[in-house]
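Have a look at the structure below before the remarks.
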Amino acid sequence: MNDEHLREQLVNALAKRQAHQRFDQVVADFPEERFNTRPANLPYSFWHLLEHMRICQRDILDYIVNPDYQYPSFPEDYWPPADAEADTAAWNTTIASFRADLQSLIDIVNDPTRDPCAQIPHGQPGHTILREILVVAAHNSYHIGEFGILRGTLNLF
């Protein structure tokens, strides 16, 4: 497999519709009055789920680029406070930040000066850009699917 093909497949895993829904598809025209709805038997709202995705994606971006990276506490630092709610501004900020960080990850993947298979200098042994992008892609696709299913079960499309 050549370098260009690998990079293309990583970008596809992050941003293209393949075997999963796309982020923009599941958040499109989401009803404002339901941002803070907690689907039955779940401890989090739709906004909590989006904010969790944003926080996790941002964490991995920071891990890749920041030599002074500090590990957040798990799980509390990966979710907004349980009682936090979003208004339209917070919802839009979460979405815009998620998209911006996703684009930053895509830019890293497409940067020919970065070897996707090289050890991240300040990272754990075996942690490469390739590994981190695959973690983000898997995490995002899991929760995007979850968001879409929850939205569908509540007839919010």
>> So residue 90 passes all but one of these: (1) surrounded by 12 or more Cβ atoms within 10 Å (Cβ to Cβ); (2) under 24 Å from residue 12 (Cβ atoms). Which condition number does it fail?
In response: (2)
>> Conditions first: (1) assigned to a helix (DSSP H, G or I); (2) touching a Gly at 6+ places or on another chain (Cβ under 7 Å); (3) closer than 30 Å to residue 114 by Cα. Residue 94 passes all but one, so which condition is the exception?
In response: (2)
>> Can you find, within the range 24-41, the residue that is farthest from residue 98 (Cα to Cα) among those that are open to solvent by less than 20 Å² (accessible area, probe 1.4 Å) and under 16 Å from the mean Cα position of the chain (by Cα)?
In response: 26
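Residue check: is residue 109 at pLDDT 95 or above, open to solvent by 40 Å² or more (accessible area, probe 1.4 Å) and either closer than 30 Å to residue 28 by Cβ or out of contact with any helix residue (DSSP H, G or I) (no Cβ under 8 Å at 6 or more places or on another chain) (or both)? Spell out how you get there, then give the answer.
Details: at pLDDT 95 or above: yes; open to solvent by 40 Å² or more (accessible area, probe 1.4 Å): no; either closer than 30 Å to residue 28 by Cβ or out of contact with any helix residue (DSSP H, G or I) (no Cβ under 8 Å at 6 or more places or on another chain) (or both): yes.
No.
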>> Just to check your reading of the model, which residue among 71, 44 is of a type in the set (Phe, Trp, Tyr), part of a loop (DSSP other than H, G, I, E, B) and open to solvent by 80 Å² or more (accessible area, probe 1.4 Å)?
In response: 71
> Quick one: what pairs do we get from the range 140-157, first residue in contact (Cβ under 8 Å) with a residue 60 or more places away in the chain, second among the basic types (Lys, Arg) and open to solvent by 20 Å² or more (accessible area, probe 1.4 Å), C-beta under 7 Å, 6+ apart or different chains?
Replying inline: 156/34
> Taking only pairs six or more apart or across chains, which ones have beta-carbon atoms under 7 Å, a first residue in the range 108-135 that is hydroxyl-bearing (Ser, Thr, Tyr), and a second residue that is surrounded by 15 or more Cβ atoms within 10 Å (Cβ to Cβ)?
Replying inline: 128/116; 128/120
> Checking residue 63 against (1) under 17 Å from residue 151 (Cβ atoms); (2) among the hydroxyl-bearing types (Ser, Thr, Tyr); (3) assigned to a helix (DSSP H, G or I), which test does it fail?
Replying inline: (1)
>> Can you tell me how many residues within the range 106-147 are among the aromatic types (Phe, Trp, Tyr) and either over 10 Å from the mean Cα position of the chain (by Cα) or part of a loop (DSSP other than H, G, I, E, B) (or both)?
In response: 1
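I'd like the full set of residues that are within 23 Å of residue 89 (Cβ to Cβ), assigned to a helix (DSSP H, G or I) and among the β-branched types (Val, Ile, Thr), limited to the range 7-38. Reasoning before the result, please.
Filtering the range 7-38 for residues within 23 Å of residue 89 (Cβ to Cβ) gives 23-38.
Now restrict to residues that are assigned to a helix (DSSP H, G or I): 23-27, 32-34.
Across the range 7-38, the qualifying residues are 26, 27.
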> Looking at the range 92-132, which of its residues are among the β-branched types (Val, Ile, Thr) and within 16 Å of residue 23 (Cα to Cα)?
Replying inline: 93, 94, 95, 106
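The values are calculated or read from the model by the stated rules, or taken from the named source; none is laboratory data. Just so you know, these numbers come straight off a predicted model, no measurement behind them. FYI the Cβ positions are ideal-geometry reconstructions off the backbone, even for glycines, and counts take in every protein chain you see. The area values use the complete protein model at the heavy-atom level, side chains included, leaving out ligands, DNA and RNA. Shrake-Rupley method; radii C 1.70, N 1.55, O 1.52, S 1.80 Å.
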